[in-house]
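The next block holds one structure in the form of structure tokens; read it before the comments.
The values are calculated or read from the model by the stated rules, or taken from the named source; none is laboratory data. Just so it is clear, the model here is predicted, and its values are computed rather than measured. A quick note on method: Cβ atoms are made from the backbone with ideal geometry, for glycine too, and the neighbour counts reach across all protein chains shown.
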Number of protein chains: 2
Amino acid sequence: MSTAAEYGVLGIGNAIVDVLARCDDAFLAANQVTKGAMTLIDEARAEELYAAMGPAVEVSGGSAGNTMAAYASLVGARGPKGVFIGKVRNDQLGAVFAHDIRAAGVAFTTPAATDGPPTARCLILVTPDAQRSMNTFLGACVNLAEPDIDDALVAASAVTYLEGYLFDPPAAQAAFRKAAAVAHAAGREVALSLSDPFCVGRHRAAFRALVRDEVDILFANEAEILSLYEVTSFAEALDAVRAETRIACLTRSEKGSVVVAGGATHAIEAEPAQVVDTTGAGDAYAAGFLAGHVRGRDAAQCGRLGSLAAAEAISHYGARPVRPLAELASERFGALA
Amino acid sequence: MSTAAEYGVLGIGNAIVDVLARCDDAFLAANQVTKGAMTLIDEARAEELYAAMGPAVEVSGGSAGNTMAAYASLVGARGPKGVFIGKVRNDQLGAVFAHDIRAAGVAFTTPAATDGPPTARCLILVTPDAQRSMNTFLGACVNLAEPDIDDALVAASAVTYLEGYLFDPPAAQAAFRKAAAVAHAAGREVALSLSDPFCVGRHRAAFRALVRDEVDILFANEAEILSLYEVTSFAEALDAVRAETRIACLTRSEKGSVVVAGGATHAIEAEPAQVVDTTGAGDAYAAGFLAGHVRGRDAAQCGRLGSLAAAEAISHYGARPVRPLAELASERFGALA
């Protein structure tokens with residue numbers, strides 16, 4: 001048995017600044033953007049697409065970064081605090097990312113790269129149907145490597161949360177595996193988010209091995225879990241995941257989520273929301289679930305906290321919370337928040 | 001008589017990226033921020049205040065920059081097109097500013113500074129009462145100077161619009177006066193916005209001379225016009241301004257505006273709006289008025305277009321338009337839009 005954790009959740013992910021703009025479907029078609037997906041792009045394509053898109057808003061993002069910001073908003077001053085590991089460059093957008101995650105109440109000490117590509121950015125195009133299409137230039141994230149994983153931080157965190165997108169930059173898989181090993185050696189838990197069906201397709205074998213061998217808590221949406229197990233029905237995917245992980249949270253957009261935990265399966269309803277922009281819905285769900293989990297809530301209640309955080313995320317433009325989630329959760333769930 | 005203008009409005013102003021965050025009144029007090037005003041700060045104070053403030057959103061701003069973005073949104077594809085002169089540095093935030101103003105449909109060709117201070121930023125704190133308190137680090141704007149004023153652009157623009165904030169950086173006053181002289185020599189009009197009562201206080205004598213000698217269209221709110229003429233009642237300010245300018249637009253928040261033009265005085269009502277953030281209300285009003293003016297609308301109708309643009313600006317977070325103003329204006333005013 002491990003000692004009490006200093007941190008609740010340690011998130012490891014790509015440190016990205018989102019560049020959000022509205023557009024119509026014709027713009028996506030004319031610029032060959034895959035609707036609803038996350039597509040990796042190089043710097044030249046990033047420049048080209050940026051030049052074509054409309055006036056934008058810059059706001060810190062990154063899947064695990066968003067999760068940590070929402071986690072901090074949910075636990076508020078009560079704690080336990082969250083911490084983030086990710087790589088920026090020492091440029092203006094890197095300073096923006098570092099400011100925002102710290103200002104959200106998350107510890108962040110990964111040193112910024114002093115050379116190499118600039119801070120990563122994700123060009124996010126939001127269509128009138130509230131769908132987001134993401135185009136990511138990984139930039140400095142390709143330099144995240146094993147030495148950036150601070151063993152003491154991992155050992156001091158109840159849950160180490162890994163975003164699947166981190167399988168894209170070349171050196172990060174090793175960092176990932178090191179973090180999982182350190183966490184388990186310290187008696188902690190490892191959580192993973194599958195991030196995107198195309199990301200799963202790019203790294204299926206590695207994800208399958210990681211889920212089977214290292215993951216205690218898995219987050220995936222329907223498309224991602226079908227892709228992981230190469231099955232065509234949700235029921236088959238559920239059977240597969242039940243056999244391999246201790247806890248799995250499968251999100252299904254407006255149909256809510258299914259949480260598999262301790263032999264039981266819980267269907268959790270979505271919370272009502274006026275949908276403005278779906279960016280960050282999955283990230284927020286993971287934050288809600290983990291905030292409940294590290295504070296000892298049962299699996300169904302953790303799922304409800306996930307639904308609440310996701311509903312807040314989709315009700316405004318941008319991925320990170322605008323309303324303090326601790327307050328929203330108290331209003332909705334009282335002592336169970 | 002001059003030839004037909006190629007551009008409708010040429011805006012000259014500080015090229016600034018806004019850094020917007022929400023806070024409460026206690027934060028303003030604890031950090032000695034003057035509520036509702038624009039305060040000039042140096043780089044050290046900018047770093048200090050930024051470190052203290054919450055997670056932020058970066059969005060292109062600057063008073064005349066906002067006016068030009070709203071102007072472009074109002075005239076849409078019908079034109080005449082707008083153009084902007086302002087100084088950024090060749091850094092990431094400078095690239096953001098340049099992208100956004102061009103993506104809004106405004107021509108922008110001022111060369112970025114290749115050395116000296118970074119692109120300007122304005123730390124804007126929005127309190128729950130929708131008031132904004134601005135803290136501006138002028139950065140690269142201090143390098144805007146006479147050579148940046150392209151005489152051909154000024155001569156090709158029906159109205160040259162100057163933001164009062166441009167009296168703060170040391171070299172810009174000369175650029176201002178040069179632009180006014182070139183505009184008048186070409187038979188064009190000069191418009192000025194007083195920007196802020198404290199800015200008027202810092203440069204009162206220069207503003208008085210400029211208004212008397214060069215300004216055809218003056219924009220000011222109540223506090224600014226009282227400060228300019230050092231009077232205590234709106235009626236006295238109105239008398240003073242009537243004697244000195246051909247057209248004056250005095251904005252009065254929810255009381256609408258008073259437009260003085262051609263010997264007549266028009267009281268214009270505010271358009272209804274759900275107030276979220278007052279950042280950019282005055283900038284948008286000027287855009288609406290000028291968009292009507294360059295297309296030959298009468299003074300009262302120009303004022304109504306100003307009210308419409310201001311209502312859109314205050315109905316969302318951030319200064320630049322979110323909804324296409326040409327559409328809103330058509331819905332509201334039909335053929336008079």
Positions within segment B:280-292 being touching a residue at least 24 places away in the same chain (Cβ under 8 Å) and either hydroxyl-bearing (Ser, Thr, Tyr) or not in a loop (DSSP other than H, G, I, E, B) (or both), in sequence order = B:281, B:282, B:283, B:284, B:285, B:286, B:287, B:288, B:289, B:290, B:291
Please state which one of B:47, B:58 is within 14 Å of chain A (Cβ to nearest Cβ) and free of Cβ contacts under 8 Å to residues at least 12 places away in the same chain.
-> B:47
Which numbered condition residue A:269 misses (of (1) surrounded by fewer than 24 Cβ atoms within 10 Å (Cβ to Cβ); (2) among the acidic types (Asp, Glu); (3) in contact (Cβ under 8 Å) with a residue 60 or more places away in the chain) = (3)
Is it the case that some residue within segment A:252-259 is under 16 Å from the mean Cα position of the chain (by Cα) and part of a helix (DSSP H, G or I)?
-> yes
Taking segment B:91-120 as the region of interest, how many residues are more than 9 Å from chain A (Cβ to nearest Cβ) and either under 16 Å from residue A:48 (Cα atoms) or aromatic (Phe, Trp, Tyr) (or both)?
-> 3
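Before we move on, is residue B:143 touching a strand residue (DSSP E or B) at 6+ places or on another chain (Cβ under 8 Å), modelled with pLDDT under 95 and either aromatic (Phe, Trp, Tyr) or over 30 Å from residue B:295 (Cβ atoms) (or both)? Walk me through it before giving the result.
Working: touching a strand residue (DSSP E or B) at 6+ places or on another chain (Cβ under 8 Å): yes; modelled with pLDDT under 95: yes; either aromatic (Phe, Trp, Tyr) or over 30 Å from residue B:295 (Cβ atoms) (or both): yes.
In short, yes.
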Give the residues of segment B:293-330 that are closer than 26 Å to residue B:128 by Cβ and either assigned to a loop (DSSP other than H, G, I, E, B) or among the β-branched types (Val, Ile, Thr) (or both), sorted by residue number.
-> B:314, B:315, B:316, B:317, B:318, B:319, B:320, B:321, B:322, B:323
Applying the selection to segment A:144-195, what residues are without any contact (Cβ under 8 Å) to a residue 12 or more places away in the chain and over 21 Å from residue A:5 (Cβ atoms)?
-> A:147
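Looking only at segment B:17-42, filter to residues that are within 14 Å of another protein chain (Cβ to nearest Cβ) and surrounded by 22 or more Cβ atoms within 10 Å (Cβ to Cβ); which one of those is nearest to residue B:99 (Cα to Cα)?
First pass over segment B:17-42, keeping only residues within 14 Å of another protein chain (Cβ to nearest Cβ): B:17-24, B:27, B:31.
Next cut, surrounded by 22 or more Cβ atoms within 10 Å (Cβ to Cβ) only: B:17-20.
Numbers: B:17: 11, B:18: 14, B:19: 16, B:20: 19 Å.
Applying the filter and picking the extreme gives B:17.
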Of (1) out of contact with any Gly (no Cβ under 9 Å at 6 or more places or on another chain); (2) free of Cβ contacts under 8 Å to residues at least 60 places away in the same chain, residue B:3 fails just (1)
